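Student: Quick one: the structure is below, and I'll ask about it shortly.
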Ligand code: HEC
């Protein structure tokens with residue numbers, strides 16, 4: 001029987017995480033930009049997108 005390839009699995013998880021992390025960072029800078037422009041409506045929209053990214057990643061990695 002073959003051993004589980006943990007290296008391959010770790011690589012897959014890291015890749016997923018990188019993509020999500022990148023999306024989150026983009027959402028975060030967008031939030032900062034809108035906040036600096038003092039556009040309340042867009043700031044709240046950006047914040048909502050940002051938190052959705054947080055939740056998505058935590059769900060993927062099964063955080064309590
Ligand atoms: C790329 C995936 C990813 C994204 C995006 C992400 N997180 Fe996390 N977060 C994690 C992981 C994985 C942990 C668990 C780290 C650990 O247990 O050591 C964590 C832990 C946390 C914790 C600590 C939880 C605890 O019980 O100690 C907080 C708070 C948190 N994240 C907030 C956020 C917020 C707010 C955002 C969005 C701005 C965010 N995270 C975006 C992956 C992510």
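The values are calculated or read from the model by the stated rules, or taken from the named source; none is laboratory data. Model, not experiment: these values are computed from the prediction. As a convention, Cβ positions derive from the backbone with ideal geometry for all residues, glycine included, and neighbour counts pool all protein chains shown.
Student: Are there any pairs, at least 6 apart or on different chains, whose C-beta atoms fall under 9 Å, with the first in the range 18-33 and within 19 Å of residue 60 (Cα to Cα) and free of Cβ contacts under 8 Å to residues at least 60 places away in the same chain and the second more than 8 Å from the ligand (Cβ to nearest atom) and assigned to a helix (DSSP H, G or I), and if so, which?
Tutor: 27/46; 27/47; 27/49; 27/52
Student: Can you find a residue in the range 12-20 that is surrounded by 15 or more Cβ atoms within 10 Å (Cβ to Cβ), more than 19 Å from the chain's Cα centre (by Cα) and assigned to a helix (DSSP H, G or I)? If you could, list the steps in order and put the result at the bottom.
Tutor: Quick first cut of the range 12-20, residues surrounded by 15 or more Cβ atoms within 10 Å (Cβ to Cβ) only: 20.
Next cut, more than 19 Å from the chain's Cα centre (by Cα) only: none.
Checked the range 12-20: no residue is surrounded by 15 or more Cβ atoms within 10 Å (Cβ to Cβ), more than 19 Å from the chain's Cα centre (by Cα) and assigned to a helix (DSSP H, G or I).
Student: Of the conditions (1) within 13 Å of the ligand (Cβ to nearest atom); (2) at pLDDT 85 or above; (3) loosely packed, with under 11 Cβ neighbours inside 10 Å, residue 41 fails just one. Which one is it?
Tutor: (1)
Student: Here is a further query. I'd like to check something: does the range 45-64 contain any residue that is modelled with pLDDT of 85 or more, away from the ligand (no atom under 12 Å from the Cβ) and surrounded by 13 or more Cβ atoms within 10 Å (Cβ to Cβ)?
Tutor: yes
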